[in-house]
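Report on the structure given below.
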Amino acid sequence: MDHEFSRAFPHGRTEPHRRAIAQEAPVAIEVNGLGYAVMMATPADLADFATGFALSERIVADAAELAAIDVHDTPRGTIVRLAVPPARAAAVADRVRRRASDSSCGLCGMDNLDAIHRPLPRVPAATAPMAAVFAALAAMRAHQPLNVATGAAHAAMLCAADGTIRCAREDVGRHNAFDKLIGAMARAAMAWDGGFALLSSRCSYELVEKAALAACPTLVTVSAATSLALSRAAAAGLTLVSLARDDAVLIADPVR
């Protein structure tokens with residue numbers, strides 16, 4: 001799958017750029033008719049995915065216990081239906097009840113594909129100047145002490161309209177780092193004020209959701225955006241700047 005971008009350079013030049021993007025789509029997993037989870041995934045090799053998921057979640061102890069794996073494509077995403085023996089049914093039902101409260105990703109426990117496509121609030125109409133984006137990228141490493149020390153942490157940063165990094169948070173999880181930043185901003189009554197969020201990760205569906213709900217007008221990510229991230233950002237009026245490197249970035253500016 002390809003997407004059209006504008007490629008911007010530090011000295012102001014831009015050019016059209018077409019690039020392949022990773023497909024991201026909701027995959028709902030049902031076990032014996034119960035909605036177990038909705039995962040964001042590349043919709044390929046789903047029987048393999050469902051088998052590995054069932055094993056890693058201890059839904060079954062052996063792949064042979066999966067009596068059936070049925071894959072159904074719908075306009076909202078894909079449903080993978082698993083059938084397990086009656087001896088496993090009670091444990092599955094109990095896990096389904098607990099997953100909604102146990103989950104940290106914000107998606108597990110959903111049993112309705114429509115929930116993935118629920119409307120997002122429109123964010124303020126503001127696109128960060130590219131000079132500010134490049135300035136923040138140049139300063140980013142100085143605000144990542146945990147990653148400098150470990151090489152195993154993601155960062156989320158609040159950047160001012162001129163690219164100054166006003167606040168930064170780190171975590172081993174990219175979603176967690178963004179949650180920490182949003183929480184820090186809320187606790188300190190900090191607003192975006194024409195600025196933007198800069199994340200050290202790729203841009204996926206979940207991060208766009210968090211940005212839109214936090215009224216962030218521009219989201220900048222070091223790695224590429226997925227298909228669903230791009231479409232959801234456009235729906236929210238959120239400007240995505242992805243594959244952000246010192247020499248160039250990709251801009252997906254929504255039609256407002």
Which ³J(HN,Hα) values in Hz, rounded to whole numbers, follow from the phi angles of the range 165-170 under the Karplus curve 6.51 cos²θ - 1.76 cosθ + 1.60, where θ = phi - 60° and Gly and Pro get x? 7, 8, 7, 9, 9, 10
Kirkwood hydrodynamic radius of the chain, from inverse mean 1/r over distinct Cα pairs, in Å: 19.5 Å
So who's got an amide H within less than 5 Å of the one on Ala41, skipping anything under 5 residues away but keeping other chains? H placed 1.01 Å off N, in plane. Ala25, Val27
Rounded to the nearest 0.05, what FRET efficiency do Arg7 and Thr74 have when you use their Cβ-Cβ distance and R0 = 30 Å? 0.30
Could you give me the ³J(HN,Hα) list for the range 186-203, computed from phi with Karplus coefficients 6.51, -1.76, 1.60 and θ = phi - 60°, whole Hz, x at Gly and Pro? 5, 5, 9, 6, 9, 10, 6, 6, x, x, 7, 9, 10, 10, 7, 10, 6, 9
Per residue value of the accessible surface for the chain (all protein chains in place, 1.4 Å probe), Å²: 47 Å²
For a quick check of understanding: with a 1.4 angstrom probe and all protein chains in place, what accessible area in square angstrom does Asp45 have, to the nearest ten? 110 Å²
Along the Cα→Cβ direction, 7 angstrom out, place labels at Asp193 and Arg81. What is the inter-label distance in nm? 5.5 nm
As an exercise, use a Förster radius of 22 Å and the Cβ-Cβ distance of Ala184 and Ala161 to find the FRET efficiency, rounded to the nearest 0.05. 0.70
Over the chain, what is the relative contact order in percent, taking alpha-carbon pairs closer than 8 angstrom and at least six residues apart? 19 percent
Report, in degrees rounded to the nearest 10, the 0 to 90 angle that the Cα long axis of helix 130-139 makes with the longest principal axis of the chain. 80 degrees
Asp62 to Ala152: extension gain in nm, 0.36 nm per residue of separation minus the Cα-Cα distance? 29.1 nm
Compute the acute angle (0 to 90°) between the alpha-carbon long axis of helix 227-236 and the principal axis of greatest extent of the alpha-carbon atoms of the chain; round to the nearest 10°. 60 degrees
Can you pull the accessible area of Met40 for me, 1.4 Å probe, Å² to the nearest 10? 40 Å²
Computed for the range 109-179: size of charge dipole around the Cα centre, +1 on C-beta of each Lys and Arg, -1 on C-beta of each Asp and Glu, debye to nearest 20, value 200 debye
Based on DSSP H runs of at least 4 residues, each adding -39500 (n - 2.57), what is the mean residue ellipticity at 222 nm of the chain after dividing by all its residues, to the nearest 500 deg cm²/dmol? -9000 deg cm²/dmol
extent check for the range 168-256: Cα max minus min per principal axis, descending, whole Å, gives 31, 28, 23
Label zone at Arg141, where the point sits 7 Å out along the Cα-to-Cβ direction: the range 231-251 residues whose backbone N lies under 15 Å: 245-247
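The values are calculated or read from the model by the stated rules, or taken from the named source; none is laboratory data. The structure presented is a predicted model; accordingly, all values stated were derived computationally and were not measured. Note that each Cβ is placed from the backbone with ideal geometry, even for glycine, and that neighbours are counted across all protein chains shown. These accessible areas exclude ligands, DNA and RNA; they are computed on the full protein's heavy atoms, side chains included. Shrake-Rupley method; radii C 1.70, N 1.55, O 1.52, S 1.80 Å.
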